[in-house]
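Working notes, structure below.
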Amino acid sequence: MSQQFDVVVIGGGPGGYVAAIRAAQLGFSAACVDAFKNPEGKPSLGGTCLNVGCIPSKALLQSSENFHAVQHDFAKHGISVSGAKMDVGQMLGRKTDIINKNAAGIGFLFKKNKVANIHGLAAFKGRQGDKWLIEVTDGGKVVDTLEAGHVIVATGSSPRALPGLATDNQLVLDNEGALALSAVPKRLGVIGAGVIGLEMGSVWKRLGSEVTILEAMPTFLAAADQQIAKEAFKTLTKDTGLDIKLGVKIGEVKAGKKSVTVNYELNGEAVKAEFDRLIVSIGRVPNTQGLGAETVGLQLDERGFVAVDDHCHTNLPNVWAIGDVVRGPMLAHKASEEGVAVAERIAGQKPHVDFGVIPWVIYTSPEIAWVGKTEEQLKAEGVEYKKGTSGFGANGRALGLGQAQGTVKILADAKTDRILGLHMIGPMVSELVSEGVVSMEFKAASEDLARIVHAHPSLSEVIHEAALAADKRALHG
């Protein structure tokens, strides 16, 4: 006999589990169906983000930064350390503990909010009256059948494979394999200088790898403001030591028994490189296979994403889709906010998610973060703007941390002074960028930021100084 729910969410990632919890909070009977299993073969909620993405990568970044600090930075503080060693197994164990703790936390939240936690692969099987029929399988066997008044598709995305090259996560790695290397490779190749490539390249470089990153685009971090991107390129290549090659045309890639050979063209010259491990990070594709979209006529676009309107509603009645599987940036926090919004729309509320104020963060060292329009976008759109910049070089808090490098840049409308973008590279800018998000959400002007008292000494003072600079009244620059 089928289980009946008001709302069934397919996918337990940062969009799906949040949508299920919010639906339950609003008084709906809700279920979340998720198929992910950890390396031990046990169900693990949280999706790619928690299990093989955002959270574990930050754990490894912190471990590698600590190791680097012991070797290179502690001496400046009068702390002498000799013979420091990295236990990769211990580092990976810590990462796994963090994942398990968070996954268990989601399970606790499901119990607290009375969300049915169902493990398996969910697929549309048809419609019965005003209910959608969902079949849940595990290992090819049907384990449950659900009836839902509303369905929220939150199936996420998977790594895009390099054509003609199999990902075995032994020699050729995707994000999952890059997070599980049991030893530090001597020569690590990375195809793609995006978030995953830069973060994973940074981790293994600090631990001793010779890291070469091959990027097809001629421009580094094309989505970012180019003033910040150029500073990031200089810092990551000079200080971190990443060998980043831009404008690369990848040719034949061949995996051998112990290494991977990459043939590519750079500036018209043919190059052959051999790596002990190769990370492929060339983007992600939506997870729609096995969903049963064709069975019920769920519309997909030409790239395989679920087609939705501005409210995340699909072409089918009472079927919604959120997160990586729909248009827009593939960001965990974007998925979560869409999940909340959809649950509230089902309840008759009228929430709004402003894609123009979604923050972006790259957790390299220094961190890179931004929200809103870049200077290049404003020029292309013919928007008259003014800008203010300030650096961390003279900031007392940054100097105390030993991380006094980076820049904050504010872009504001030339006539109204309304903030149009905040771009930064520096220490803890993943946290600082929220000041820009709040300011832009409430339509603040750069003068508003300039008039707000910022704590001293704090990193946020650099934002304050950049806001002052936008009105040509900087005090420290």
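General observations
- Distance from segment 235-307 to segment 404-431 (C-alpha centre basis), Å: 31
- Residue among Gln377, Gly78, Ala455 farthest towards the positive dipole end of the chain, charges placed on Cβ: Gly78
- Distance cut-off 27 Å, percentage of C-alpha pairs in segment 340-477 lying past it: 22
- Local net charge near Ser460, Cβ-Cβ under 12 Å (Lys/Arg +1, Asp/Glu -1): -3
- Ranking by accessible area, most exposed first, for Lys386, Lys373, Lys112 with a 1.4 Å probe: Lys112, Lys373, Lys386
- Residues whose amide H falls under 5 Å from that of Gln4, counting only those 5 or more places apart or on a different chain, are Glu147, with hydrogens built in the peptide plane.
- Semi-axis lengths (Å, descending) of the ellipsoid that matches the C-alpha gyration tensor of the chain: 38, 30, 22
- The charge dipole of segment 19-160, taken about the Cα centre with unit charges on the Cβ atoms of Lys, Arg (+1) and Asp, Glu (-1), comes to about 140 debye, rounded to the nearest 20.
- 3J(HN,Hα) along segment 134-142, derived from phi through the Karplus expression 6.51 cos²θ - 1.76 cosθ + 1.60 where θ = phi - 60°, amounts to 10, 9, 10, 10, 9, x, x, 9, 6 Hz, with x in place of Gly and Pro.
- Dimensions of segment 157-246 based on its C-alpha atoms, expressed as ranges along the principal axes with the largest first, amount to 38, 28, 19 Å.
- Centroid-to-centroid separation of segment 432-472 and segment 72-88 [C-alpha atoms, Å]: 36
- Gain in span if fully extended, Ala347 to Glu269, counting 0.36 nm per residue against the direct Cα distance: 22.1 nm
- Under 19 Å from a label point set 7 Å out along the Cα-to-Cβ vector of Asp73, the amide N atoms of segment 453-475 belong to 457-462.
- Assigned charges on the beta-carbon of Lys, Arg, Asp, Glu; the chain dipole about Cα centre (debye): 780
- Positive dipole terminus of the chain, leading residue within Phe28, Trp320, Thr212 (C-beta point charges): Thr212
- Listed values for segment 356-370 are Karplus-derived 3J(HN,Hα) couplings in whole Hz (6.51 cos²θ - 1.76 cosθ + 1.60, θ = phi - 60°), namely x, 10, 8, x, 10, 9, 10, 8, 7, 10, x, 6, 10, 8, 7, and x replaces Gly and Pro.
- In the chain, a dipole from Cβ-located charges (positive for Lys and Arg, negative for Asp and Glu) runs towards its positive end, and of Cys49, Ala470, Val306 it is Cys49 whose Cα lies farthest in that direction.
- 222 nm mean residue ellipticity, helices alone, for the chain (DSSP H n ≥ 4; -39,500 (n - 2.57); rounded to 500): -9000 deg cm²/dmol
- With a threshold of 19 Å on the Cα-Cα distance, the over-threshold entries among Lys234/Lys379; Lys101/Lys334; Lys85/Lys205; Lys42/Lys141 are Lys234/Lys379; Lys101/Lys334.
- Arg303/Ser458 FRET efficiency (R0 41 Å; Cβ-Cβ; nearest 0.05): 0.40
- Surface analysis of segment 422-477 yields an accessible area of 49 Å² per residue, using protein heavy atoms and a 1.4 Å probe.
- When only the Cβ of Lys, Arg, Asp and Glu is charged (+1, +1, -1, -1), the dipole of segment 299-450 relative to its Cα centre reaches about 260 debye.
- Rounded to the nearest 10 Å², the accessible area of His352 at probe 1.4 Å: 140
- Length available on full extension from Lys249 to His476: 0.36 nm per residue minus the Cα-Cα distance, which gives 77.2 nm.
- Protein-only accessible surface at a 1.4 angstrom probe places the residues Ser2, Ser82 in the order Ser82, Ser2, largest first.
- Accessible area in the full protein assembly, largest first, 1.4 Å probe, for Ser202, Ser434: Ser434, Ser202
- Nearest-10 value in Å² for the accessible area of Val340, using the 1.4 Å probe: 40
- Thr295 accessible area, 1.4 Å probe, all protein chains in place, Å² to nearest 10: 80
- When exposed loop sites are taken as GluC sites (Glu not before Pro) in a DSSP loop with at most 16 other Cβ atoms within 10 Å, the longest stretch of the chain clear of them is 41-301.
The values are calculated or read from the model by the stated rules, or taken from the named source; none is laboratory data. Computed from a predicted model, the values in this text were never measured in an experiment. Reconstructed Cβ throughout: ideal geometry from the backbone, glycine too, with neighbour counts over all protein chains shown. Each accessible area value is taken on the protein alone, full model and side chains, heavy atoms only, with ligands, DNA and RNA left out. Shrake-Rupley method; radii C 1.70, N 1.55, O 1.52, S 1.80 Å.
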